[in-house]
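All of the numbers you see were taken from the coordinates with simple rules; none came from a lab. Note that the structure is predicted; figures quoted are calculated from it, not measured. Reconstructed Cβ throughout: ideal geometry from the backbone, glycine too, with neighbour counts over all protein chains shown.
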Amino acid sequence: MVVDHPSCLGKDTRQLAKAIRLHCLRMTSTGGSSHIGSCLSIADILAVLYGRCLRVEPSQPKHPGRDRFILSKGHAGAAVYATLAECGFMPTAKLATHYQDGSDLSGHVSHKGIPGVELSTGSLGHGLGVAAGMALAAQQSGQPHRVVALLSDGECDEGSNWEAILFAAHHRLDRLLAIVDYNKIQSLDEVDKTIRLEPFTAKWEAFGWEVRRCDGHDHEAMAAAFAPSRERRPVVVIADTIKGKGVSFMEHQVLWHYRTARGEEFSAALLELEAQS
Amino acid sequence: MTATATPARGVSGNILTSDTGGATRLASAPFGHALIAAGERDSRIVGLTADLGKYTDIHLFAERFPQRFFQVGMAEQNLIGIAAGLARTGWVPFTTTYCVFATRRAYDFIAIGAALGRANVKIVAGLPGLTTGYGGTHQGIEDLALMRAIPNLVVIDPCDATEMAQATAAAAAHDGPVYLRLLRGQVPVVFDPATHRFAIGAANLVRDGGDAAIISTGLMTGRALDAATTLAAEGINVAVLHLPTLKPFDHEAVLSLLARVPRVVVAENHVIHGGLASAVADAVADAGLAVRLQRIGIPDCFCESGSLPYLVRRYAMDAPSIAAAVHRVLDPRPTPG
């Protein structure tokens with residue numbers, strides 16, 4: 001039996017992205033956790049996904065026909081928690097417990113007790129394979145849902161991703177959408193100085209994927225790029241992003257992969273993010 | 001452990017044949033047939049392999065249910081990842097590869113993708129311990145230690161064809177991740193299918209005796225029973241407690257036996273550290289029991305290549321070695337080293 005496919009939430013993605021960024025700043029500062037740069041990098045991607053693309057039902061987070069989203073770069077979990085809270089999966093007040101002792105909002109994203117999170121991640125290179133399995137399940141059973149996995153660029157160093165990339169192309173998993181948050185900085189250095197990914201687009205194409213490239217902060221461009229495949233192939237969107245996007249002194253800075261904004265840095269970042277329209 | 005045979009030249013054992021250990025009764029591909037039966041009962045069951053279908057007996061399931069079988073290719077990490085995705089969508093995936101590839105290559109994926117989220121993934125792994133002569137790359141000698149250390153995971157080492165089939169059915173019925181050692185091809189029948197009952201987490205006292213105990217798992221139980229028969233002829237009555245489930249561990253069965261018979265040989269088709277002997281030693285120490293314990297298993301080394309009969313003697317894992325170990329625990333003198 002084919003199950004219902006919920007509707008898109010239809011939210012103002014600009015407002016949603018702004019809210020995600022503000023939550024992430026507060027959450028990582030209060031909890032003393034890392035990865036604010038990674039969270040700011042994907043805030044627009046998440047806003048477009050949850051605001052305009054994913055068909056989910058916050059009142060029924062386990063709705064069998066829901067689209068599935070997996071944050072493979074689990075270290076940016078704060079951004080997913082913030083998005084889910086803004087979309088009504090949990091109260092926004094709960095975000096204040098992020099990374100606090102005894103809280104279930106862990107630093108790396110966890111599905112345990114968190115409505116709307118599909119998979120706990122944090123060990124990189126896991127999300128795409130699981131997403132491919134979910135897409136295979138949808139394909140084989142004729143269910144309508146799509147599966148989206150959001151990867152980091154540095155994460156593409158992990159060989160397991162390329163196993164999943166082969167598999168998804170072989171099985172023509174057109175319900176699968178991979179998005180790479182290509183901010184060109186990984187944990188301790190630039191991607192190009194760590195392990196080069198380029199020619200990145202050509203690699204995915206050579207593996208048989210439908211490749212789309214866009215600005216990962218341009219909401220209209222992303223909404224178009226996230227559309228389903230018309231070629232019976234898995235789709236990857238390589239989203240060119242800016243690590244730390246939205247806070248001038250964090251942008252393009254490897255420092256803000258791990259650093260926590262506190263004191264004057266926190267206040268300055270808050271002012272910048274609040275000023276955005 | 002000392003060598004008890006002269007080294008063989010070359011590899012006379014064939015990876016494609018099972019070690020039948022001279023058994024008189026054999027059953028063909030018990031896992032493959034049991035998985036088909038489970039698949040007939042439960043349409044959620046699907047099969048996956050990392051390019052080892054024929055060598056893990058899952059090709060039978062693939063032939064019966066071609067639409068429910070998926071080839072992942074030589075990619076064990078992705079094998080578990082895909083299975084986790086299927087499981088999280090309500091399916092019951094049975095995955096097959098060899099013990100070494102599942103546990104060494106895909107450990108992180110089993111821990112995170114399968115166990116952490118209690119995904120309903122079954123990992124059926126061939127060539128456990130010394131069931132292949134292909135040396136250290138293929139002999140899964142430490143898989144039980146690795147799997148036993150992961151929370152939420154059920155770990156099973158079946159004795160024979162009867163238990164292989166029953167454990168497959170039990171794994172299918174269990175809601176959660178399972179690591180199941182595979183006995184493939186022509187598999188000895190030790191237990192009578194009409195009377196033997198495997199249950200996850202339950203030990204099985206297959207023979208009672210008051211002089212000493214053998215606690216064993218996997219195919220070692222067949223050898224333990226042979227040793228017990230030999231010892232009985234010498235007037236030594238040995239209990240044999242078969243523990244097919246390493247995790248969850250049947251503490252009650254182990255402790256009640258060893259409280260009564262505090263002289264035990266633990267026999268496993270695995271390195272002697274981190275597997276059954278360690279689990280028994282933990283249980284004994286935690287309970288404060290005074291027990292004399294001898295271990296039969298692979299010492300702290302990677303094993304040689306060679307024929308299986310040679311290797312089993314080489315590493316003192318045959319029935320006579322078990323019987324000798326029983327004599328050692330019965331010897332009142334302190335055990336050296």
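Quick rundown of the values:
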{"item": "Where labels lie 7 Å past Cα in the beta-carbon direction, separation of B:Leu289 and A:Ala202 in nm", "result": "6.6 nm"}
{"item": "Zone of A:Glu272's modelled label, taken as backbone nitrogen in the range A:98-120 under 12 Å from a point 7 Å along Cα→Cβ", "result": "none"}
{"item": "Inter-site label distance for A:Asp157 and A:Asp101 at 7 Å from Cα along Cβ, in nm", "result": "3.3 nm"}
{"item": "Label-point separation, A:Asp215 to B:Glu40 (7 Å along Cα→Cβ), nm", "result": "6.3 nm"}
{"item": "Relative contact order (%) - the range A:13-275, alpha-carbon pairs under 8 angstrom, separation at least six", "result": "23 percent"}
{"item": "Dipole in debye (nearest 20) - the range B:26-188, about Cα centre, beta carbon charges: Lys, Arg +1; Asp, Glu -1", "result": "260 debye"}
{"item": "Between the range B:118-139 and the range B:162-197, the Cα center-to-center distance that results, in Å", "result": "15 Å"}
{"item": "Whole-Å distance, taken between Cα centres, linking the range A:16-38 and the range B:248-313", "result": "51 Å"}
{"item": "Percent of Cα-Cα distances greater than 24 Å, calculated over the range A:13-275", "result": "43 percent"}
{"item": "Choice from B:Ala290, B:Ala149, B:Ala239 showing the highest fluctuation, given a GNM over chain B with Cα pairs closer than 10 Å", "result": "B:Ala290"}
{"item": "A:Arg175, B:Arg260 arranged by Cβ crowding within 10 Å, fewest neighbours leading", "result": "B:Arg260, A:Arg175"}
{"item": "Subset of A:Lys18/A:Lys62; A:Lys193/A:Lys243; A:Lys62/A:Lys112; A:Lys18/A:Lys245; A:Lys203/A:Lys243; A:Lys11/A:Lys94 violating a 19 Å alpha-carbon distance limit", "result": "A:Lys18/A:Lys62; A:Lys203/A:Lys243; A:Lys11/A:Lys94"}
{"item": "Between the range A:40-81 and the range B:55-93, the alpha-carbon center distance in angstrom", "result": "27 Å"}
{"item": "Relative contact order [Cα under 8 Å, 6+ residues apart], the range A:47-139, whole percent", "result": "29 percent"}
{"item": "Angstrom value of the Kirkwood radius, inverse mean 1/r, which spans all Cα pairs in the protein assembly as shown", "result": "26.1 Å"}
{"item": "Convex hull per residue volume in Å³, alpha carbons only, for chain B", "result": "126 Å³"}
